[in-house]
Amino acid sequence: LFLNPEIKQRVQVYLPVPKIDLAKCRYCGRCSEACAFHALAVLPQVSGKQGKGLLFPELCHGCGTCRYVCPQGAITETNREIGIVEIGASKDLQFLQGILNVGEVMAPSIIREVKKYINSTRTIVIDAPPGTSCPVVASVQGSDYCVLVTEPTPFGLHDLKLAVAMLRKINIRFGVVINRAGLGDDRTEHYCQREGIEVLLKIPFDAQIAKAYSQGKMIVAENQSYQENLVSLYLRIKEIVNENI
Ligand code: SF4
Ligand code: SF4
């Protein structure tokens, strides 16, 4: 919304979903047993009636396991459109975004597709969703550094701890930005101290920020000191990444 990019290209994103050839299927059920997402059910032949292979496409992750395990070679794949990738620019910034079709839930597939268009010769900023779900992991995987933006509240601290555990597990360096600093208590800062986590920046709980945002303006364009703080944040991250701190 704030970058207001000009979109120059739209590319459809598809997920490969299984298609069972009932003429070859022996209703052994191996495909549905192997599916970790319960996206496939096989109903055997009963009293001479034709059996069925039922796919629940919204649950299918397109992993290909069912096709791999089928001993009859009865499964082929067909493409299902789940959304688009938009490619464009905002001034001298390159811009990419993924949009899921209404009702679709396979955000990680779109995120992985968006990342294929990344120009790795440039500095890349990926705006990830909050939390620690699959879309978050798909967003941060492969990054040099992750900025965890939190709030100094019990709820914020709870989510921060989960995000820290996730990043430590997948081995990605990170630091913390405390947004709306002054709103809650100092437990978040104490936690970061105890865990040896760098607090990169504290953004105050300031009505001027909310006011600018409500008018569709970025605070960095409105207030010189915020601009300086965010440039310092960028330079600090660059230093950490380049010097492998
Ligand atoms: S492709 Fe993967 S997720 Fe989809 S039905 Fe087959 S095993 Fe399940
Ligand atoms: S594994 Fe193959 S043969 Fe067995 S039920 Fe599935 S599609 Fe049919």
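Numerical summary
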read-out: Every pair of residues 6+ apart whose Cβ atoms lie under 8 Å, when the first sits in segment 159-187 and is in contact (Cβ under 8 Å) with a residue 60 or more places away in the chain while the second is hydroxyl-bearing (Ser, Thr, Tyr); value: Arg173/Tyr145; Gly175/Tyr145
read-out: Tally, over segment 192-215, of residues that are touching a helix residue (DSSP H, G or I) at 6+ places or on another chain (Cβ under 6 Å) and under 17 Å from Ala163 (Cβ atoms); value: 3
read-out: Phe155 exposed (fewer than 13 other Cβ atoms within 10 Å of the Cβ) and of a type in the set (Phe, Trp, Tyr); value: yes
read-out: Close pairs from segment 55-75: first among the hydroxyl-bearing types (Ser, Thr, Tyr) and within 11 Å of ligand 2 (Cβ to nearest atom), partner modelled with pLDDT of 90 or more and assigned to a helix (DSSP H, G or I), Cβ under 9 Å, at least 6 apart; value: Thr65/Cys31; Thr65/Ala34; Tyr68/Ala34
read-out: Hits in segment 139-163 - residues which are part of a helix (DSSP H, G or I) and farther than 21 Å from Glu239 by Cβ; value: Ser139, Pro154, Phe155, Gly156, Leu157, His158, Asp159, Leu160, Lys161, Leu162, Ala163
read-out: Residue within segment 38-52 that is surrounded by fewer than 13 Cβ atoms within 10 Å (Cβ to Cβ) and at pLDDT 90 or above present; value: yes
read-out: Pick from segment 17-37, criterion basic (Lys, Arg) and over 30 Å from Glu113 (Cβ atoms), ranking: surrounded by the fewest Cβ atoms within 10 Å (Cβ to Cβ); value: Lys24
read-out: Strands (runs of 3 or more DSSP E) contained entirely in segment 1-83, each with at least 1 residues that are of a type in the set (Asp, Glu) and away from ligand 1 (no atom under 15 Å from the Cβ); value: 6-20
read-out: The one condition in (1) loosely packed, with under 13 Cβ neighbours inside 10 Å; (2) more than 30 Å from Ala212 (Cβ to Cβ); (3) more than 15 Å from ligand 2 (Cβ to nearest atom); (4) free of Cβ contacts under 8 Å to residues at least 24 places away in the same chain that Asp92 fails to fulfil; value: (2)
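The values are calculated or read from the model by the stated rules, or taken from the named source; none is laboratory data. As the structure is a computational prediction, the values presented were derived from the model and not from experiment. No Cβ is skipped: glycine too gets one built from the backbone with ideal geometry, and neighbour counts run over all protein chains shown.
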